[in-house]
Amino acid sequence: MADARRDFITIVSGLPRTGTSMMMRMLEAGGIEAVMDNIRQADIDNPNGYYEFERVKQVKDDASWLSATVGKVFKMVSMLLFDLPRGYCYKIVFMDRDMDEMIASQNKMLARLGKPVGNDDAAVKNMYAGHLAKVKSWFAGRADIEVLFVSYNAAVRDPRAVAESVGAFIGGLDIAAMEKVLDPALYRNRS
């Protein structure tokens, strides 16, 4: 159930394989309704589900659904953030992860899916670093957006501290329930 006191839209974002699904689970456990469609089913790479909502991908062309997400949370890849329309207040929990771990995790997932895996991790790292710089600069120009950067690595090491930080940012969350969501066994790609 949406909290009427939350007059903003909560978004979990980040680069691929940075713990966005984990954070969605934490926020849902904490008491925010997750907006998702379950089209993409849980698998070995995300055994607890992906928490995706397909309409997010079309936000540039159709943002009519956004009004129904006030007081709720959805997940959006960082590349789509630039398409968020003005007219709403957004709180974005932006997940970050050690870049080498993130790329290793993504490469393993692509290989399992039978998709081509790049052989130049340094180029991928540079591309992602450039994208992150662009996103951070863009955040600075949007007064309607508040951002909390959360380290996946820190969440695995100290879930309580991360739950408290996110709870202070969003407000009104069940910190103990959020903390219990984290499963260290899923931290499989370490640098």
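The values are calculated or read from the model by the stated rules, or taken from the named source; none is laboratory data. For clarity, every value in this text was computed on a predicted model and none was experimentally measured. So basically every Cβ, Gly included, is an ideal-geometry build from the backbone, and we count neighbours across all protein chains shown. The accessibility values were calculated without ligands, DNA or RNA, using every heavy atom of the protein model including side chains. Shrake-Rupley method; radii C 1.70, N 1.55, O 1.52, S 1.80 Å.
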Just a yes or no: is a residue in the stretch 111-121 touching a residue at least 40 places away in the same chain (Cβ under 8 Å) and surrounded by 13 or more Cβ atoms within 10 Å (Cβ to Cβ)?
no
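Conditions (1) modelled with pLDDT of 90 or more; (2) β-branched (V, I, T), marked per residue:
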residue	(1), (2)
A122	no, no
H131	yes, no
F139	yes, no
V150	yes, yes
D158	yes, no
A161	yes, no
G171	yes, no
How many residues, within the stretch 81-113, are in contact with a helix residue (DSSP H, G or I) (Cβ under 7 Å, 6 or more places away or on another chain) and hydrophobic (A, V, I, L, M, F, W, C)?
6
All conditions in (1) modelled with pLDDT under 95; (2) under 27 Å from D7 (Cβ atoms); (3) among the acidic types (D, E) are true of D98 except (2)
I need a count of the residues in the stretch 145-166 that are touching a Lys or Arg at 6+ places or on another chain (Cβ under 6 Å) and under 16 Å from K91 (Cβ atoms).
1
Considering residues that are of a type outside the set (D, E) and either modelled with pLDDT under 65 or within 17 Å of F82 (Cα to Cα) (or both), the number found within the stretch 40-52 is 4
Which is open to solvent by less than 60 Å² (accessible area, probe 1.4 Å), on the phi < 0 side of the Ramachandran plot and acidic (D, E), of E146, E101?
E101
Taking the stretch 69-89 on its own, how many of its residues are outside any helix (DSSP H, G or I) and either free of Cβ contacts under 8 Å to residues at least 60 places away in the same chain or surrounded by 18 or more Cβ atoms within 10 Å (Cβ to Cβ) (or both)?
9
For A133, the lone unmet condition from (1) of a type in the set (A, V, I, L, M); (2) assigned to a helix (DSSP H, G or I); (3) open to solvent by less than 20 Å² (accessible area, probe 1.4 Å) is (3)
Quick check, is S105 of a type in the set (S, T, N, Q) and in contact with a strand residue (DSSP E or B) (Cβ under 9 Å, 6 or more places away or on another chain)?
no
The stretch 173-191, subset at pLDDT below 95, within 16 Å of R25 (Cβ to Cβ) and not charged (D, E, K, R), residue surrounded by the most Cβ atoms within 10 Å (Cβ to Cβ)
L182
